[in-house]
Amino acid sequence: MTEHPTTPAGKPTSYSRVTLSRIMTAVDVNLYGTVHGGVLMKFVDDVAGAAAARHSGGTAVTASIDEIVFSEPVRVGDLVHAHAQVNWTGNTSMEVGVKVVAERWDSAEDAPVRVATAYLVFVGVDVASAPRPVRPVLPETPDDHRRYKEAEIRRAHRLAKRRAIQAHRAS
């Protein structure tokens, strides 16, 4: 008889919140003189991974990047903050939302500018790299509840797309 581990007790959305910050330097730029999108993508994955690991209480690996939108360029000298939180949880997977903002080096008194947003899916894994149950996320605020519902919509779209592609390949 195989024993199935029980799902850990839920944690509030605020428990998973993580912020990472760094100053962008000359090694981060692309040929156009702005910070390379890949640098920001790694930064997004790092902060999302920290939020997923915190929430799940252990190792969590990136399963997919559902969406990443770059809305403003980032420049050398900008102080960039990436804010992440778990928006939704399934049995073994989690959606993490990330917002990236920049404080411009040449206008430090201005409000930070939103430069990117992203949604990533992580899976909790055990020491053998097999999926493991993750605790439920418990939305606290109206924004948390909205993010949870929108994450369910994105999940339904991912699953429908997967089914449509599999059906097409089978035909």
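The values are calculated or read from the model by the stated rules, or taken from the named source; none is laboratory data. Not measured: the values here are computed from a predicted model. Reconstructed Cβ throughout: ideal geometry from the backbone, glycine too, with neighbour counts over all protein chains shown. Note: accessible area is taken over every heavy atom of the protein model, side chains too, but ligands, DNA and RNA are not part of it. Shrake-Rupley method; radii C 1.70, N 1.55, O 1.52, S 1.80 Å.
In the range 79-87 there is no residue matching the filter, namely being over 17 Å from residue 117 (Cβ atoms) and either touching a residue at least 60 places away in the same chain (Cβ under 8 Å) or among the small types (Gly, Ala, Ser) (or both).
Residue 9 meets the conditions (1) under 24 Å from residue 151 (Cβ atoms); (2) of a type in the set (A, V, I, L, M); (3) at pLDDT 95 or above in every case but one. The failed one is (3). Name the single residue, out of those in the range 23-65 being farther than 21 Å from residue 122 by Cα and of a type in the set (Ser, Thr, Tyr), that is most open to solvent (accessible area, probe 1.4 Å). Looking at the filtered set, the residue picked out is 32. Candidates 12, 8: the one that is open to solvent by 20 Å² or more (accessible area, probe 1.4 Å), in contact with an Asp or Glu (Cβ under 9 Å, 6 or more places away or on another chain) and farther than 16 Å from residue 113 by Cβ is 12.
Kindly check whether there is at least one residue in the range 25-43 that is in contact (Cβ under 8 Å) with a residue 40 or more places away in the chain, farther than 20 Å from residue 115 by Cβ and not polar (S, T, N, Q). No, the range 25-43 contains no residue that is in contact (Cβ under 8 Å) with a residue 40 or more places away in the chain, farther than 20 Å from residue 115 by Cβ and not polar (S, T, N, Q). Go through the residues of the range 151-170 one by one and say whether even a single one is under 23 Å from residue 39 (Cα atoms), out of contact with any helix residue (DSSP H, G or I) (no Cβ under 7 Å at 6 or more places or on another chain) and either open to solvent by 70 Å² or more (accessible area, probe 1.4 Å) or among the charged types (D, E, K, R) (or both). Among the residues of the range 151-170, not one is under 23 Å from residue 39 (Cα atoms), out of contact with any helix residue (DSSP H, G or I) (no Cβ under 7 Å at 6 or more places or on another chain) and either open to solvent by 70 Å² or more (accessible area, probe 1.4 Å) or among the charged types (D, E, K, R) (or both), which makes the answer no.
Of all residues in the range 135-148, exactly one satisfies the criterion of being open to solvent by less than 20 Å² (accessible area, probe 1.4 Å) and in contact with a His (Cβ under 7 Å, 6 or more places away or on another chain), namely 137. Residues of the range 59-68 being of a type in the set (Val, Ile, Thr) and assigned to a strand (DSSP E or B), which ones? Correct list: 61, 62, 65, 68.
Just so you know, in the range 129-140 the residues that are part of a strand (DSSP E or B) and under 15 Å from residue 92 (Cβ atoms) include one that is nearest to the chain's Cα centre (by Cα), and it is 137. Of all residues in the range 66-110, those being at pLDDT 95 or above and closer than 29 Å to residue 149 by Cα number 28.
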